[in-house]
1. Out of Asp54, Asp87, Asp186, any idea which swings most in a Gaussian network model of the chain, alpha carbons joined below 10 Å?
2. I need His307, His217, His256, His69 ordered by Cβ neighbour count within 10 Å, fewest first.
3. Using +1 on the beta carbon of Lys and Arg, -1 on that of Asp and Glu, and nothing else charged, what's the dipole of the chain about the Cα centre, debye to 20?
4. Dividing the Cα radius of gyration by the Kirkwood radius, what Rg/Rh value follows for the stretch 238-296?
5. What's the center-to-center distance, using Cα atoms, between the stretch 62-78 and the stretch 358-415 in Å?
6. Quick one: Glu148, Glu318, fewest Cβ neighbours within 10 Å first, how do they rank?
7. If each residue's Cβ is checked for other Cβ atoms within 10 Å, how do Ser227, Ser408, Ser147 rank with the fewest at the top?
8. If you work out Rg and Dmax of the Cα atoms in Å from the coordinates, which of (i) 38.1, 141; (ii) 25.4, 102; (iii) 19.9, 63 do you get?
Amino acid sequence: MRRAVITGIGAVSPNGISRECFWKATRSGQSGVRRITRFDPSGFLVQVAGEVPDEFDEKRWVDAKDRPHVSRAVPLAAASVAEALEDAGLDPRAMSRDELRGIGVLVGSGGGSQEFTEEQYRLYYTGHQKQCSVYTIPTGTIGTLASEVSMRFGFRGLSHIVSTGCTSSTDALGYALRNIQLGVLDTVVAGGVDAPIAPLILRGFQLMRIMTTRWNHAPERASRPFSRDRDGFVIAEGAWFFVVEELEQARARGAHIYGELAGYGSTCEAYHRVRLEECGEEPARAIGLALEEAGIPPSAIEYINYHGTSTELNDRIETRAVKLAFDSHAYKLAGSSLKSLIGHPQGACGAAGVAATLLAMRDGVVPPTINVDEPDPECDLDYVPTPGRRLAIQNAVANCIAFGSKNSALVLRRV
């Protein structure tokens, strides 16, 4: 089959706007979690989130007149895609219609424009019906989010949303790989975006009792994957996108190649809407399927980017799954959780982890997992504590676990 490589990366993250700002903060262990400023959180038990910094200029990416008619996810995605395209050396404005027809869009998003829909209900039920958007229905329809990306850049290939919870953007990249392998497309813009920081969404997660409530006084310490005193995740927003190309095309045009999407695996435990099955077998099998497709033995993996949500259940079972997938090599495997630094950007988290992993491969630097102050005896692998470390990476795994018993993993390889 044909091979798929990544030639462009864009990032709009709570700890940095732009790819290199995101990476500089990530490799140095700088948190992007802070007190919520989007609305007054004082009436909530949870008052912290991974918000994209205030200097992000939405009006640069969405006209001020049009902004009330789209979700915040739209400017976040547009900025990230634009950076990825520039990084890859692609200019849609200089492309013919036939060339634009050959570029597909695959957007992974768990919530899509959910916060936009919440705002429309707020306007309606507070007597401001005339302020409701005429595009309430199309914008609130999750598939339109991919169309917004396609329309902005003129891409005329397939334009699809992948919405599988927290594995959404991992799956979007997996489907990009499949389209290139099978010769359907030569170029795919793929990644993830979510913007779930809104009152009712926060309230819903709070009712589930899976968010941290103990660190409102010290937001940067709130996300604590694998630490025994963890008590839940930190909600976050952001966008991470990639240009994924067929290998020979990328080489022919002299593009810089960050790495190859070498394997993809996905499974379902068919177990529960929220809880993970204790055995960890299906997350392990997803990793195994990705390794098998890549033709790489477990012992050849040097680094894993963990899902690492900071919930008691996820971190413990993900650790168990990694031990099942890698056997004794699990204890030799360096790994880190990006969520300790940015919080949990829902369906965009897999793309965020892939971006961090590719940049770690480029620079030979593994980012730290911060806030592991009290090691959990059941989480006893190498989570790369602060300050991170130097490590040459040839092969890596980016892992994701989602609501609804879903598990997905990607193998990334240097070319």
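1. It is Asp54.
2. Fewest-to-most Cβ neighbours within 10 Å comes out as His217, His256, His69, His307.
3. It works out to roughly 440 debye.
4. Radius of gyration over Kirkwood radius for the stretch 238-296 works out to 1.15.
5. Answer, in whole Å: 33.
6. Listing Glu148, Glu318 from fewest to most nearby Cβ atoms yields Glu148, Glu318.
7. Ser147, Ser227, Ser408
8. Computed from these coordinates, Rg and Dmax of the Cα atoms in Å corresponds to label (iii).
Laboratory data are not the source of any read-out in this text; all were calculated from the coordinates shown. What you see is a predicted model, and the numbers here were worked out from it, not measured in a lab. Virtual Cβ from ideal backbone geometry, glycine too; neighbours counted across all protein chains shown.
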